[in-house]
Amino acid sequence: MFRKLAAAVAITLPFVLAACSSGAAAPSAGGSAGGGSDKVVVGLITKTETNPFFVKMREGAQSKADELGATLMTGAGAKDGDNEGQVTAMENMINAGAKGILITPSDTSAIVPSIKKARDAGVVVIALDTATDPQDATDALFATNNFKAGELIGQWSKVKFAGKTPVIATLDLQPGITVGAQRHNGFLQGMGLVSGVAEDSTDLATSKEVVCSQDTHGDQTEGQTAMETCLQKNKDINLVYTINEPAAFGAYTALKNAGLEKNVTIVSVDGGCQGVQGVTDGKIAATSQQYPLKMASLGVEAIVKYAKDGTKPTGYTDTGVTLITDQAQTGVDSKDSTFGAANCWGEK
């Protein structure tokens, strides 16, 4: 069965475009946009400015833009779910003459009309990390297979809990977002608790083993509150799935405050350096590592190529995912935290 979700839209606006009164895009340190420059202008719009995942994504985009002699413009929502901020950023980039825009959509459905407007104006739009709904609203998608990322931690958990009854809490993203549903559903399918789930569904699958589901918006504080709520519902929870590692650390804090941290297994997705350290420290049992720098680098390359020879990027490019754990389980491919630390992103 499924828990039907409705898309939620926040309306807080982010930082403003330099020298303009409003907007959500600005030239990065690599150069100025417009102004008669013959450089290819590439736009990058992330969900937030501060999440280490998106910081690394910007670093990858800037490095590749510098290498190829392109100008990078950047914009972001004020927080996860801020669709209006992303819309404003996109409009500013179109007006600045961007040949292409890379975007990690906060609201995968609400952003589609703005993407159509950009494409109708001849701008190539590539989704990074998170597919739009529908996926073909963009020219291309460069991303982790988020369903597989969830499936890997689910498969690991299935073997880990062999002979035990899992009592599960899921700390999810927010309603209607493809990446959140894909990770959640992949996890449950990997555990063998559901089957035949459409990988592009925005509905959350559920099963009798899931005793509590709470939204966290991928935030550590909200993750702690969500875990506290779940513990009030059921003190016997022994397995926690989290949408990302900030939510996982929030869950761990709540469990530690309740004296239950040694009784509960936490699994997650991201593979940031702090998350991998969490694996080393025993706070997170397993996490699926993804590679944001690669997504952004490939995206910039594709837009510059389009600007130069008209080759338009199409379809889906899988940028890879690796299960990181120091508790290897038989039959489940994984790498240890040493590998994870060598390939992680964000502050260590």
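The values are calculated or read from the model by the stated rules, or taken from the named source; none is laboratory data. Fair warning: this is a prediction, and the values are worked out from it, not measured in the lab. Quick reminder, even Gly has a Cβ in these numbers, built from the backbone with ideal geometry, and neighbours come from all protein chains shown.
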message = Residues that are surrounded by fewer than 19 Cβ atoms within 10 Å (Cβ to Cβ) and more than 23 Å from residue 275 (Cβ to Cβ): does the range 174-192 have at least one?
response = yes
message = Within the range 246-256, does at least one residue satisfy the condition of being free of Cβ contacts under 8 Å to residues at least 40 places away in the same chain, among the polar types (S, T, N, Q) and closer than 20 Å to residue 216 by Cβ?
response = yes
ask   = Which condition number does residue 192 fail, the rest of (1) at pLDDT below 95; (2) more than 30 Å from residue 77 (Cβ to Cβ) being met?
value = (1)
request  = For residues that are within 23 Å of residue 338 (Cα to Cα) and touching a helix residue (DSSP H, G or I) at 6+ places or on another chain (Cβ under 7 Å), scanning just the range 251-272, find the one that is surrounded by the fewest Cβ atoms within 10 Å (Cβ to Cβ).
outcome  = 265
query = If you go through the range 251-290, how many residues are closer than 21 Å to residue 225 by Cβ and assigned to a helix (DSSP H, G or I)?
reply = 10
ask   = Do we have any residue at all in the range 90-100 that's in a helix (DSSP H, G or I), modelled with pLDDT of 95 or more and closer than 30 Å to residue 198 by Cβ?
value = yes
ask   = Does the range 218-235 include one or more residues that are under 17 Å from the mean Cα position of the chain (by Cα), closer than 23 Å to residue 145 by Cα and at pLDDT below 95?
value = yes
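Being closer than 22 Å to residue 50 by Cα and either of a type in the set (A, V, I, L, M) or assigned by TED's automatic domain parsing to the domain that holds residue 63 (or both) is true for just one of 293, 255. Which residue is that?
Of the residues listed, the single one that is closer than 22 Å to residue 50 by Cα and either of a type in the set (A, V, I, L, M) or assigned by TED's automatic domain parsing to the domain that holds residue 63 (or both) is 293.
Yes/no per residue for (1) of a type outside the set (Val, Ile, Thr); (2) touching a strand residue (DSSP E or B) at 6+ places or on another chain (Cβ under 8 Å):
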site	(1), (2)
51	yes, no
74	no, yes
87	no, no
98	yes, yes
117	yes, no
120	yes, no
126	no, yes
138	no, yes
Residue, surrounded by the most Cβ atoms within 10 Å (Cβ to Cβ), within the range 213-250, restricted to residues that are out of contact with any Ser or Thr (no Cβ under 6 Å at 6 or more places or on another chain) and either at positive phi or among the aliphatic types (A, V, I, L, M) (or both) = 227
ask   = Which residues, counting only those in the range 193-212, are part of a strand (DSSP E or B) and surrounded by fewer than 20 Cβ atoms within 10 Å (Cβ to Cβ)?
value = 211, 212
message = Regarding the range 220-237, can at least one residue be identified that is of a type in the set (A, V, I, L, M, F, W, C), assigned by TED's automatic domain parsing to the domain that holds residue 175 and closer than 15 Å to residue 157 by Cα?
response = yes
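Against the condition outside any helix (DSSP H, G or I), among the aliphatic types (A, V, I, L, M) and in contact with a Leu (Cβ under 6 Å, 6 or more places away or on another chain), how does residue 126 come out, does it pass?
So residue 126 passes the test.
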remark   = Within the range 130-149, the residues that are of a type in the set (Asp, Glu) and in contact with a Pro (Cβ under 7 Å, 6 or more places away or on another chain) are 139
note = Filtering the range 298-348 down to residues that are loosely packed, with under 13 Cβ neighbours inside 10 Å, at pLDDT below 95 and on the phi > 0 side of the Ramachandran plot yields none
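Conditions tested, residue by residue: (1) surrounded by fewer than 24 Cβ atoms within 10 Å (Cβ to Cβ); (2) among the β-branched types (Val, Ile, Thr).
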{"site": "83", "(1), (2)": "yes, no"}
{"site": "89", "(1), (2)": "no, no"}
{"site": "96", "(1), (2)": "yes, no"}
{"site": "104", "(1), (2)": "no, yes"}
{"site": "115", "(1), (2)": "yes, yes"}
{"site": "125", "(1), (2)": "no, yes"}
{"site": "128", "(1), (2)": "no, no"}
{"site": "133", "(1), (2)": "yes, no"}
